[in-house]
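Peer 1: Encoded as structure tokens, here's the structure I'll be asking about.
The values are calculated or read from the model by the stated rules, or taken from the named source; none is laboratory data. This is a predicted model, so every value here is computed, not measured. Please note: Cβ atoms are built from the backbone with ideal geometry, for glycine as well, and neighbour counts cover all protein chains shown. The protein model used for the area step is the full one, side chains on, heavy atoms only, and it has no ligands, DNA or RNA in it. Shrake-Rupley method; radii C 1.70, N 1.55, O 1.52, S 1.80 Å.
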Amino acid sequence: MATLELKDITKSFGDTDILRGVSLEIADGEFLSLVGPSGCGKSTLLRILAGLESQSAGSVHIGEACVDGRRAADRDLAMVFQSYALYPHLTVAENIAVPLTMRRLRRADRLPLMGALMPGVRRRRADIVRTVREAAEILDIAALLDRKPGQLSGGQRQRVALGRALVRDPAAFLLDEPLSNLDAKMRVHMRAEIAQLNRRLGATFVYVTHDQAEAMTMSDRIAVMMDGELLQVGTPDELYDDPADIRVARFIGSPAINLLPVETDGAGVIRLTGRATVLRAGPVPVAYLGIRPEALEPCDRDPLLSGRARLVENLGSDLFVQLDVPEMPETVTVRLPSDARGKIAAGDLMHLRVRPDRVRGFDSMGLAAPFGAEALADA
Amino acid sequence: MPDTPRLNRPEHRQARAGSALIAPAVLLLLVILILPVAVAAILSFSDYTLGRSGIGWVGLKNYADIFTRSSYRKMITATVLYVLVTVPVSVALGLGAALLIRSVRIGASFYRTVYFLPVMASLLAMAIVWEFALHPSLGLVNRTLAQGCGTWLEGWPWFARGCAEGFPLWLSDRDYALWTLAFIGIWQSFGFNMVLYLAGLTSVPRDLYAAAEMDGVRSGWARFRLITWPMLGPTTVFVVTISTIRSFQVFDTVEALTHGGPAKSTYVMIYAIYEKGIAQNLVGMGAAITVLFLGFVMLISVAQRRFVERKVHYA
Ligand SMILES: Nc1ncnc2c1ncn2[C@@H]1O[C@H](COP(=O)(O)OP(=O)(O)OP(=O)(O)O)[C@@H](O)[C@H]1O
Ligand SMILES: [Mg+2]
């Protein structure tokens, strides 16, 4: 159990900068998710934290101690690799037992014949077998303990890799997309297991994922990474409601947020498709409005937007409508409650409005641009 | 609908075409690979010599000779000793060199080339160099050793005796000749094993070492035991098989340096086959040794296979 801290980490492979000044503090017992598109440097950051890769500049702290130059085996972290990295010649049980035998048995104890004669080894070996079995039961792979990794499915292998990390009691767990290969049901189950484990052990978790839903449901905080930089670190609610960057807004939430290009005139009035809105820009001109699909609601008069439904997707619990809005480059997505089912069909004209406090503005660089004070007063 | 005649059905036509197509390959296989062995097996029961018209059947006499006459017992001893020494040493050295080359950052390709040189050079040509180097009085080896006389090296009894009575006649002393040949054999073949191991090492996923590090594997030896050695299992099987067969086949150094002597101490099987079957024209005897030789090689392949199926992990 420990805090983790990354200070201004940079990493280059040759001429290409993979990480550009990443700073991150992770509290003791916190569950932090690291999300971002493929190739943005998530695994690299995790490997630097683990000590498997050395940073080009910056420093890593675990607990109070600076661990730069301390080898991975001595950092007391457990990691699940994106590639699983199971030992192919060992059975599932042996794979899961490796971290325990390596740490709990001394070198002499591990010798094939001599080891058995050492005092206490038999008991410790029995302990290990029991711990492995318990971990296997949590992960629902107890029936596979005698198989080799080559005889397992991708999802089963992933759970073995998870088991190998979970049998230990490390300072922190680093998980690199540990659920990416599981089916939907197993994924939900494992999500709950991991979150529960985090609470039970009180251990710090750093969890890398592509899947923003996973990050939203499990994390205390989420760090969004793009092109080797952290765009925003915050609670799931903060990221969802107040994205600091247009790329964060785009990444978090499914279906994606609607980003409407707008103009800000000299008086600070924000104009959408040429028409003035009630919104007023603050000191920074607003170039995009970000509106979540559920923030839009149908109305009869003074609509912010009007358009024809192109596609109606019925999910049972909700209804997603894709609207073609004139002069808008992309369709606008609206989320309607399930009682709107059957009341709207493709081709229908819809008028929509939005509560101004549920709209976010972004400037032309993509950074969040707060609205002026009078905008909210108008609402 | 009229019945298609049985033999004209598509599957039959295809089967016939198939047989016709593999016939040449099967024929070649029989003529080139099986027939010579069969002929050798048959001749081994005769006293046939080339140029004589008749053929006399002698039953198992040739084999009885092999197992009773001392020169053939020496042949088997020399061959087995040679194999037992060269194979483990050249495999271990090949693996060691491969691991070292993998661990150096610069100069890997230089070392790779240097260690591989003996493999590419003709052993016959290199044998001439060795003959010079090992010459009892003029050779580089003994002259270098003589430089050590009068120094602390004399504390070593073997060395002191060398200084007093002269250093060994490497190739013509029956206590040394076989070991000298084994040394040359190792020198020549470990580079080949090294290249095979280097290829094997590239197929070990790097992430496994990272995982081992996370699992608390600290020493290089533990890493080797946990990952490298098991992952190289298939390579090792191949390397050992190839090395064994090549060691059984040693001939050129024997022919060039010792002619099977002194006192038949380096009288290895292939050399015996050559001497009996070709030089002395005792074809029947040569054939019998050949059959024995094939038996040995076959036995080793089968034993290895048996052992391997159980022990080695194939990914
Ligand atoms: N050893 C290396 N040498 C050169 N470039 C590398 C190396 N390892 C990673 N990279 C590059 O660094 C970038 C980030 O890689 P990384 O594996 O951290 O991405 P990621 O965010 O984990 O992606 P994914 O979600 O697909 O796993 C990639 O562009 C990759 O090509
Ligand atoms: Mg990755």
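Peer 1: Look through segment B:184-204, keep the residues that are surrounded by fewer than 16 Cβ atoms within 10 Å (Cβ to Cβ) and over 25 Å from B:Val85 (Cα atoms), and return whichever of them is farthest from the other protein chains (Cβ to nearest Cβ).
Peer 2: The qualifying residue farthest from the other protein chains (Cβ to nearest Cβ) is B:Thr202.
Peer 1: Given the residues A:Leu179, A:Leu175, which is the only one that is within 14 Å of chain B (Cβ to nearest Cβ), within 16 Å of A:Gln82 (Cβ to Cβ) and within 16 Å of ligand 2 (Cβ to nearest atom)?
Peer 2: A:Leu175
Peer 1: Condition first: assigned to a helix (DSSP H, G or I) and open to solvent by less than 70 Å² (accessible area, probe 1.4 Å). Now tell me which residues in segment A:125-150 satisfy that.
Peer 2: Answer for segment A:125-150, where residues must be assigned to a helix (DSSP H, G or I) and open to solvent by less than 70 Å² (accessible area, probe 1.4 Å): A:Ala126, A:Asp127, A:Ile128, A:Thr131, A:Val132, A:Ala135, A:Ala136, A:Ile138, A:Ala142, A:Leu144, A:Pro149, A:Gly150.
Condition check ((1) within 14 Å of chain A (Cβ to nearest Cβ); (2) at positive phi; (3) crowded, with 19+ Cβ neighbours inside 10 Å; (4) touching a residue at least 60 places away in the same chain (Cβ under 8 Å)) across all residues:
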residue	(1), (2), (3), (4)
B:Gly220	yes, no, no, no
B:Val239	no, no, yes, yes
B:Arg246	no, no, no, no
B:Thr266	no, no, yes, yes
B:Met269	no, no, yes, yes
B:Ile273	no, no, yes, no
B:Lys276	no, no, yes, no
B:Gly284	no, no, yes, yes
B:Leu294	no, no, no, yes
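Peer 1: Further, regarding this structure: Identify, from the list A:Ser12, A:Ser33, the residue that is within 16 Å of ligand 1 (Cβ to nearest atom), among the hydroxyl-bearing types (Ser, Thr, Tyr), open to solvent by less than 30 Å² (accessible area, probe 1.4 Å) and more than 14 Å from chain B (Cβ to nearest Cβ).
Peer 2: From the options A:Ser12, A:Ser33, the qualifying one is A:Ser33.
Matching residues to (1) open to solvent by less than 30 Å² (accessible area, probe 1.4 Å); (2) away from ligand 2 (no atom under 13 Å from the Cβ); (3) modelled with pLDDT under 90:
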site	(1), (2), (3)
A:Arg47	no, no, no
A:Gly51	yes, yes, no
A:Ser54	no, yes, no
A:Gly58	no, yes, no
A:Ile62	yes, yes, no
A:Gly69	no, yes, yes
A:Met79	yes, no, no
A:Gln82	no, no, yes
A:Pro88	yes, yes, no
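Peer 1: When segment A:215-249 is examined, which residues are found to be within 16 Å of ligand 1 (Cβ to nearest atom) and touching a Pro at 6+ places or on another chain (Cβ under 8 Å)?
Peer 2: Result: A:Ala215, A:Ile222, A:Met226.
Peer 1: Please work out which one of (1) open to solvent by 80 Å² or more (accessible area, probe 1.4 Å); (2) without any contact (Cβ under 8 Å) to a residue 24 or more places away in the chain; (3) closer than 25 Å to A:Ile246 by Cα is the condition A:Gln322 fails and give its number.
Peer 2: Here A:Gln322 meets the rest and fails (1).
Peer 1: Name the residue that is least open to solvent (accessible area, probe 1.4 Å), counting only residues in segment A:17-26 that are more than 16 Å from ligand 2 (Cβ to nearest atom) and more than 13 Å from A:Phe173 (Cα to Cα).
Peer 2: It comes out as A:Leu24.
Peer 1: Taking the options A:Ala287, A:Ala276, A:Ala256, name whichever one is without any contact (Cβ under 8 Å) to a residue 24 or more places away in the chain and closer than 26 Å to A:Gln322 by Cα.
Peer 2: Sole residue among the options that is without any contact (Cβ under 8 Å) to a residue 24 or more places away in the chain and closer than 26 Å to A:Gln322 by Cα: A:Ala276.
Peer 1: A follow-up question, please. Return the pairs, sorted by first residue and then second, in which the second residue is in a helix (DSSP H, G or I), the first residue lies in segment B:15-41 and is among the aliphatic types (A, V, I, L, M), the beta carbons are less than 7 Å apart, and the residues are 6+ apart or on different chains.
Peer 2: As it stands, the answer is B:Val37/B:Leu294; B:Ala40/B:Ala287; B:Ala40/B:Thr290; B:Ala40/B:Val291; B:Ala41/B:Val291, since those pairs meet every condition given.
Peer 1: Out of B:Gly150, B:Gly155, B:Gly139, B:Gly162, which single residue is at positive phi and either of a type in the set (Val, Ile, Thr) or over 27 Å from the mean Cα position of the chain (by Cα) (or both)?
Peer 2: On inspection, the qualifying residue turns out to be B:Gly150.
Peer 1: From the set of residues in segment B:205-218 that are closer than 17 Å to B:Arg102 by Cβ and facing chain A (nearest Cβ under 8 Å), which is surrounded by the fewest Cβ atoms within 10 Å (Cβ to Cβ)?
Peer 2: By that ranking, first place goes to B:Asp207.
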